[in-house]
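The values are calculated or read from the model by the stated rules, or taken from the named source; none is laboratory data. Quick caveat: nothing in here was measured; it's all calculated off a predicted structure. SASA here: full protein model, heavy atoms, side chains in, ligands and nucleic acids out. Shrake-Rupley method; radii C 1.70, N 1.55, O 1.52, S 1.80 Å.
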Amino acid sequence: MLLFSVSTNAQNDSIVSTINDSIKIKEKYGLRLGADIGKLIRSSVDDDYSGFEISGDFRLKKRLYIAGEIGIEEKKDDNNYLNITTKGTYLKAGIDYNMYQNWLDMDNMIYSGFRIGASSFSHTLNSYQTYNTNQYWETQFSSNQPQEFNDLTAIWVELILGIKAELFNNLYMGINVQLKGLVSQTEPNNFTNIYIPGFNKTFDSTKIGVGYGYTIAYRIPLYKKDK
């Protein structure tokens with residue numbers, strides 16, 4: 001009787017172990033599409049700016065994503081010596097790597113990324129005034145005749161650090177910051193590019209730019225893999 005009881009317990013333990021080992025967590029893979037709500041808000045409150053950006057990523061492996069953004073911007077810069085309007089489109093493509101270890105069925109990201117960006121844009125020089133060092137004897141020269149500078153281009157690279165959190169099933173909210181380095185650009189005659197769509201403001205003595213984004217996105221779940 002004792003032998004039968006030990007044998008029965010051993011068989012039960014074996015069954016439980018087999019069942020526990022067969023439990024698997026599924027991770028979602030699919031195309032995630034979103035928009036930069038920061039640009040939409042800025043467009044509604046800033047009379048000198050309008051822009052829209054669509055972002056997307058696709059999960060290749062557990063932590064690796066291919067990602068990109070496409071957008072359009074128009075920006076007016078107005079100061080004491082220059083009034084210029086820049087408008088154009090841009091495209092960025094690269095990868096994101098998730099550095100965050102999710103628990104069970106969580107699907108959040110703390111990620112770093114890399115992009116190659118390209119922009120095609122134009123400037124409209126609405127008015128300008130040249131600075132004269134000898135202002136006592138000569139008046140400042142100014143012009144209100146608009147000038148068009150078309151077919152301008154720029155290429156840059158950027159590093160990204162960001163967060164994406166799943167608010168509801170397949171719905172995500174994110175924030176990111178970008179550090180950019182200008183690789184090449186075409187410039188108008190007699191002045192430099194003040195603003196490049198997708199790259200943002202350029203600085204006089206460097207090829208460094210910065211940016212940020214606030215996104216909301218939805219993942220279209222295509223398939224799942226075992227975690």
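Within the accessible area of region 157-198, the carbon and sulfur atoms contribute 67%, probe 1.4 Å, all protein chains present.
Pairs LYS61/LYS207; LYS39/LYS92; LYS39/LYS61; LYS61/LYS201: which are spaced more than 26 Å apart, C-alpha to C-alpha?
Values: LYS61/LYS207 34 Å; LYS39/LYS92 16 Å; LYS39/LYS61 30 Å; LYS61/LYS201 35 Å.
Going by Cα-Cα distance, LYS61/LYS207; LYS39/LYS61; LYS61/LYS201 fall outside the 26 Å limit.
Stokes-Einstein, applied to the Kirkwood radius of region 62-104 over Cα pairs at a viscosity of 1.567 mPa s and 4 °C, places its translational diffusion at 92 µm² s⁻¹.
Scanning residues 5 or more positions from TYR100 or on other chains, those with amide H under 5 Å from its amide H are ILE110, with H placed 1.01 Å from N in the peptide plane. Derived scalar couplings between HN and Hα for region 28-35 equal 7, 10, x, 9, 10, 10, x, 9 Hz in order, rounded to whole Hz, by the Karplus curve 6.51 cos²θ - 1.76 cosθ + 1.60 (θ = phi - 60°), x for Gly and Pro. The residues of region 88-131 have, on average, 50 Å² of accessible surface per residue, using a 1.4 Å probe with all protein chains present.
Stretched out straight at 0.36 nm per residue, the stretch from ILE194 to LEU104 would grow longer than its current Cα-Cα span by 27.6 nm. Which whole number in µm²/s is D for region 16-120 by Stokes-Einstein, with the Kirkwood Rh taken over Cα pairs at 20 °C and 1.002 mPa s? In µm²/s, the coefficient rounds to 127.
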